[in-house]
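Below: the structure, in structure tokens.
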Amino acid sequence: MSLPRTPSFRLDGKRALVAGGSRGIGFGCAVALAEAGAHVIVAARSATQVQAAVNEMAQAGFSAEALVLDVTDIGAVRDAVAALEPIDILVNSAGLARHSLALETTPEDFDTVSEINIKAAYFLAQAVARQMVGRGGSIIQISSQMSHVGGIERAVYCATKHALEGMTKAMAIEWGPENIRVNTICPTFVLTELSKPTFADPEKRAWIESKIKLPRVGEVEDIMGACLFLASDASALVTGTSLLIDGGWTAG
């Protein structure tokens, strides 16, 4: 009897585009993919931040390049992706939150959050998927645990992340015959530079810790393994679903 072989987590020879990849979860994902052998294109709006991220990766011996890109500029996204050599993996970590009570949400905040969390995510995935037709690939959207539950002062954010889950399922159905896999990663609150003010508020931190069943909050490293799994052949039959990294938040 021959033993089954564990699928490889290696990404040698693969090319990955990580949007929102200059810091936080996106940067963690970029490092994880590069460490597994992929050439990573790190994309973000700030030229200074994206170049600093790439320089740090290069110093560690990883293969990476910088791409200055505003994902809300649909035309620029299409042109930039079309100019790249074929992409095998897309990780979209670009996102935005503006929290308020639902009775106080402004149309401006609604439009701004929707613009990046839904519209930009949709057309970035579309642009990369057009490249992947005939070759296959993996598209990973960084969503949130809030795509599965609700939260106070998070009506708009939850709306956009629930929409992202539905969009992902529909794209997975359409693009499955082309061997293009589409999934989301749904983290709980993760300690990053952007989230430090939230964790610094004793009341908010207590609320977060009361909802997470494991005895700690999330860290960027918690997301890196999940990203590598969904990018690699280890998840070859995984599509149209979400990977919750929420410490048990949504368990009840």
Item to check | Size of charge dipole - the chain - debye, nearest 20, with Cβ of Lys, Arg +1 and Asp, Glu -1, no other charges | outcome: 520 debye
Next on the checklist: Just to be sure I understand: with springs between alpha-carbon atoms less than 10 Å apart, which residue in K196, K14, K161 has the highest mean-square fluctuation in the Gaussian network model of the chain?
Outcome noted: K196
Checklist outcome for this item: Taking a crude spin-label model, label points 7 Å out from Cα along the C-beta direction, the K119 to R205 distance in nm is 3.8 nm
Item to check | the chain: Cα Rg divided by the 2.2 N^0.38 Å rule of thumb | outcome: 0.99
Checklist entry - Do any cysteines of the chain lack a neighbour Cys whose Cβ is under 4.7 Å away, and which are they? => result C158, C186
Next on the checklist: With a 10 Å cut-off between alpha carbons and a GNM built on the chain, which of A83, A97, A38 moves the most?
Outcome noted: A83
Next on the checklist: Suppose the chain between E108 and A234 were pulled fully straight at 0.36 nm per residue; how much longer would it get relative to their current alpha carbon spacing?
Outcome noted: 41.2 nm
Next on the checklist: Can you return the lysines within cross-link range of K169? Criterion is Cα-Cα under 25 Å, with same-chain partners fewer than 8 residues away left out.
Outcome noted: K14, K119, K161
Next on the checklist: Can you tell me which of Q126, Q49, Q59 moves the most in a GNM of the chain? Springs connect C-alpha atoms under 10 Å apart.
Outcome noted: Q59
Checklist outcome for this item: Expressed in angstrom and rounded, the centroid-to-centroid distance over alpha carbons for the range 114-134 and the range 175-252 is 21 Å
Item to check | Pair R130, E85: separation of 7 Å Cα→Cβ label points (nm) | outcome: 2.2 nm
Checklist entry - Relative contact order of the chain: what whole-number percent is it, with Cα pairs under 8 angstrom and at least 6 residues apart? => result 20 percent
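FYI, it's all coordinate maths here, none of it is from the lab. Being a predicted model, the structure only gives us computed values, none of them experimental. Positions of Cβ are generated from backbone atoms using ideal geometry, with glycine treated the same way; all protein chains shown enter the neighbour counts.
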